[in-house]
Structures are given as structure tokens and as C-alpha cells.
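Have a look at the structure below, then the notes.
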Amino acid sequence: MLHSLYRGLTYIGGPAVRLYLDRRRAAGKEDPLRGGERLGHAVRPRPAGPLVWVHAASVGEANSVLVLIDRILALTPDATVLLTTGTVTSAALMAHRLPARAIHQYVPVDLPDAVGRFLDHWRPDLVLWIESEIWPNLLAGVRRRGIPAALVNARMSARSFARWRYAPGLVRGLLATFRVVLAQTEGDAERLRALGAAGVACVGNLKFSAEPPPADPAHLAALREACEERPVWLFASSHPGEDAVAAEVHAALTARLPDLLTIVAPRHPHRGPDIAALMQARGLSAARRAEGALPQAGHAVYVADTMGELGLLYRLAPVVCMGGSFIPHGGQNPVEPAQLGCAVVYGPHMWNFAEITHQLEATGGAVAVADPEALRATVARLLTDGEARAAVVTGARRVTEHNRRVVDRALDALAPLLAQAGVKAAA
């Protein structure tokens, strides 16, 4: 009943959705050259052979699934992976990181006509849906066509679980699309089973198996030379409201660390000019990477407002604070800096990575702080106490190494579906 109502509303609401896409395009949130993909219009033919469609909402999900894509393509030389995401940022990153025989397309909006065009053109042999983004018309189209599907790296927070329980018939029908559900944690698995999912298993979080983000060696060398012997810390993937926290920390620490360099890498690079203006208004000289600048001796803050360079910054900064954790956003991925030997710090709002942070904190592999004042003290301690910093790095390494085989467990669980789709190891 609810899905029929939703489908009817999306038929009626087509013009409003198109207007919404136009407004997003004007705001730079849609690709002006590939807008047709959002309505299901493909501009390239479907390759011959088995095609596995992987849907990942945005940057974090797409990065986490790259290792799985590599492994799937290694199984069969004539297989292709179609990766869909919904953001301009993720598309730009995947243009550089996707392997051969992997194609990126924007996911179609959840209008019946757009969904039908997309599925009729690509005719996937297997669908792998990453994490928790649910689009009823897309999933119904997959189900009607009888395409094998799995929900991979699945999350179901207690908050989402409580909401879905008000629509048990709808969520049960949506989850029925998936023959296999691979949960990140046992808690996620239990909640998904309670909502009616079948074939549920907990294999762990794919983010642990993902390769660390890359870095250009020449750019890294130039940054290291520019920073010389200065103490450096990074506020990674900051959100509005958190840039001021970074400024406060810097101002509080300069008496003790007069050469301190604070790097702020916004989650959305277009905010770079606003962040630089905020720093200047607080009396902190700032340089912007998007303008081609390197940090000079007189710069207090370096705004890293470019795309796809967190791997560079993690290799530069020994102490990293995760953004999205000092506002009620849910945090950003702490695994990547932990893999690269950073001492990781974050605020109180890390619920999107609750199991990861639990594991890191259990080994002393990350430091949780309650507020900006505690952040100031922690950053100062980790920058000036090499033994304390090394202890955090060692604890994190224990966690990341212990979880490296998550992708192997995921592939084992997906093997029957991959074989059905024609993707299997050569004899």
C-alpha cells in the first residue's frame, strides 16, 4: 500500500523533481554535462559480458567499496562493474580511482520512468547496494526483474530502526529485494533481521579493508618542505560550525607552540573562501590550496580546499581531528588516518562510526573528546608528547590490521550470487 502510494506520488511529482535538479545544477551540486544520467539516459553502451551494478551514495561509501570492486574484476576477465553515486564530488574522485573495466554513472532519481530507462539499458546481472541508502522505485525495479541483489556493508542505526518500525510492511518489502545482507556490526544485523531482512550475516566494515587514500609524491614533498619543522595538525572534513573550533584551538595553542600550523580541509571544498575569511577575521593569516598556495612561515592556517587530497594531508599531519564530530552530523571516517599512522581525535558525535570508534578506543587507538576545550588540551599533548602520540598510533594499527580481511569474508558470502551472475574465478 505505502509503496503504491509512493510510486503514484513520484509519477505525479516528476516535474517538481526536475525543477529540483535544475536548482541543484545552478548551485553546482549537479553535473551540467551529465544531467541526463540522473533521468536514466545513458550516453555509453552496455558492455558485453557479466555486469555488476554497485550503488554507493557518496564519497565515503564509494571509497570503501573500491577494494571489493577490484576483487570482483579480478575474478573474471570479461566482467564489468557499473558504479553509481549521487554527488559531483564522488564522480570526480571515481574518475581517477576506478580501475579498468569499471564505469561510473550518476544514479537515476527515483522516478519510475528514470528507473525503467536505467535498468532497461544496463541490464545488470547482480546488484550490490552499499550501506543504507534506500530508494523504493529502484529497489522495486530490481525486484520485478528478478535481478540477484545484496545489501553490503549494511548499517541500520537505532534511530533509523525506530523510524522504520512505523512502516513495517514497506521496509519488509524493500529488504526483500536482497538475498544477502552483510552487516557492519552485530547490532546492525539484529536490527535488520527484526525488520524482516533475510540472509543476514555480520562480516565487519569494508572501510577497514579499503586501501588508504593515495597521495602525489611530488605534492607531498613540496608540502613537507614548506612546513619545514613546524608542528602541524589537521582538522579533516570539517563542516560549517567546526572551522571556528579549529581557529579557537590554534589561537589557544600559539603561546605554547608559536610555529603551529593548523590545516583545515573542509568536507565540501567550495567553502574554502568562507573559511579563509573566517580565519582572517579572527586575526589568523590563511592560505588556500585551491589558489595554488603553499603554507608560508607567516601563515597560521592552511585551508586545503581541494578535492581528493586527504591522503596527502594524512601523510603530512601527525595529529588529525575528524570533522562532523563537533556538530550533530555523525562524524567522518577515522579509519583512513588511522591506517596512515596519524593520532586520531574526534568529538562527541561519531554515531555513524560507532563500532569503529568503539574498537579504536578499546585499544587506545583514538582519543574521544567532549568539547573544544578538551580538543585543545589533547592536540597540545599529542603534538608535544611523542610517546603519547606513538601509543595512539600503535593502538590504531592493532585495530586496522585485525580487520583487514573483511573484504575476504564479504566475497565468501557473495560467492553464490557472483557465480549466478557469471562472475567467478576461472577454473
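The values are calculated or read from the model by the stated rules, or taken from the named source; none is laboratory data. Values in this document were obtained by computation on a predicted structure and should not be read as measured data. Cβ sites come from the backbone with ideal geometry, for glycine too, and all protein chains shown count toward neighbours.
Within the range 134-160, work out how many residues are among the hydrophobic types (A, V, I, L, M, F, W, C) and out of contact with any strand residue (DSSP E or B) (no Cβ under 9 Å at 6 or more places or on another chain). Give the steps one after another, and end with the answer.
First, pick out the residues of the range 134-160 that are among the hydrophobic types (A, V, I, L, M, F, W, C): 134-135, 138-140, 142, 147, 149-152, 154, 156, 158.
Then drop every residue that is not out of contact with any strand residue (DSSP E or B) (no Cβ under 9 Å at 6 or more places or on another chain), which leaves 134, 140, 158.
Matching residues across the range 134-160 total 3.
A304 - would you say it is buried (at least 24 other Cβ atoms within 10 Å of the Cβ) and closer than 18 Å to G272 by Cβ?
Numbers: buried (at least 24 other Cβ atoms within 10 Å of the Cβ): yes; closer than 18 Å to G272 by Cβ: yes.
Yes; evaluated as a whole, the condition is true for this residue.
Can you pull out every residue in the range 337-372 that is of a type in the set (A, V, I, L, M, F, W, C) and surrounded by fewer than 16 Cβ atoms within 10 Å (Cβ to Cβ)?
Taking the range 337-372 first, the residues of a type in the set (A, V, I, L, M, F, W, C) are 338, 340, 342-345, 350-351, 353-354, 356, 360, 362, 366-370.
Of everything in the range 337-372, those that are of a type in the set (A, V, I, L, M, F, W, C) and surrounded by fewer than 16 Cβ atoms within 10 Å (Cβ to Cβ) turn out to be W351, A362, A370.
Go through (1) β-branched (V, I, T); (2) within 19 Å of R117 (Cβ to Cβ); (3) touching a Phe, Trp or Tyr at 6+ places or on another chain (Cβ under 9 Å) and name the single condition I12 misses.
The single condition I12 does not satisfy is (3).
Just wondering, is there one or more residues in the range 388-400 that are crowded, with 16+ Cβ neighbours inside 10 Å, within 24 Å of the chain's Cα centre (by Cα), small (G, A, S) and within 23 Å of A246 (Cα to Cα)?
Looking for residues that are crowded, with 16+ Cβ neighbours inside 10 Å, within 24 Å of the chain's Cα centre (by Cα), small (G, A, S) and within 23 Å of A246 (Cα to Cα), one finds none in the range 388-400, hence no.
Could we say that H250 is closer than 28 Å to M350 by Cα, touching a residue at least 60 places away in the same chain (Cβ under 8 Å) and either in the same structural domain as A380 (by TED's automatic domain parsing) or touching an Asp or Glu at 6+ places or on another chain (Cβ under 8 Å) (or both) here?
Details: closer than 28 Å to M350 by Cα: yes; touching a residue at least 60 places away in the same chain (Cβ under 8 Å): no; either in the same structural domain as A380 (by TED's automatic domain parsing) or touching an Asp or Glu at 6+ places or on another chain (Cβ under 8 Å) (or both): yes.
Answer is no for this residue.
Every residue in the range 414-427 that is assigned to a helix (DSSP H, G or I) and either surrounded by fewer than 18 Cβ atoms within 10 Å (Cβ to Cβ) or at pLDDT below 95 (or both), please.
A415, P416, A419, Q420
Kindly indicate whether any position in the range 53-73 is touching a His at 6+ places or on another chain (Cβ under 8 Å) and either among the small types (G, A, S) or under 30 Å from N205 (Cα atoms) (or both).
no
Hey, among V200, V152, V109, which residue is over 14 Å from L414 (Cα atoms) and at pLDDT 95 or above?
Being over 14 Å from L414 (Cα atoms) and at pLDDT 95 or above holds for just one of V200, V152, V109, which is V109.
In the range 291-342, which residue that is under 19 Å from the mean Cα position of the chain (by Cα) and acidic (D, E) is farthest from P269 (Cα to Cα)?
Among them, the one singled out is E336.
With the structure loaded, tell me whether L93 is in the same structural domain as N205 (by TED's automatic domain parsing), within 16 Å of A57 (Cα to Cα) and at pLDDT 95 or above or whether it fails that test.
Here the answer is no, as L93 does not meet what is asked.
For V245, indicate whether it is buried (at least 17 other Cβ atoms within 10 Å of the Cβ), in a strand (DSSP E or B) and either in contact (Cβ under 8 Å) with a residue 24 or more places away in the chain or on the phi < 0 side of the Ramachandran plot (or both). Write out each step before concluding.
On the way: buried (at least 17 other Cβ atoms within 10 Å of the Cβ): yes; in a strand (DSSP E or B): no; either in contact (Cβ under 8 Å) with a residue 24 or more places away in the chain or on the phi < 0 side of the Ramachandran plot (or both): yes.
Answer is no for this residue.
Kindly indicate whether A410 is within 25 Å of E211 (Cβ to Cβ), assigned by TED's automatic domain parsing to the domain that holds V52 and free of Cβ contacts under 8 Å to residues at least 40 places away in the same chain. Can you show your working first?
Numbers: within 25 Å of E211 (Cβ to Cβ): yes; assigned by TED's automatic domain parsing to the domain that holds V52: yes; free of Cβ contacts under 8 Å to residues at least 40 places away in the same chain: no.
So A410 does not fit the description; no.
Looking at L375, L383 in this structure, which one is touching a Pro at 6+ places or on another chain (Cβ under 6 Å) and either buried (at least 16 other Cβ atoms within 10 Å of the Cβ) or over 24 Å from V232 (Cα atoms) (or both)?
After ruling out the rest, the residue left standing is L383.
Taking the stated definitions as given, is R397 closer than 30 Å to V152 by Cβ, among the basic types (K, R) and assigned to a loop (DSSP other than H, G, I, E, B)? Explain how you work it out, then say what you get.
Values: closer than 30 Å to V152 by Cβ: yes; among the basic types (K, R): yes; assigned to a loop (DSSP other than H, G, I, E, B): no.
So R397 fails the test.
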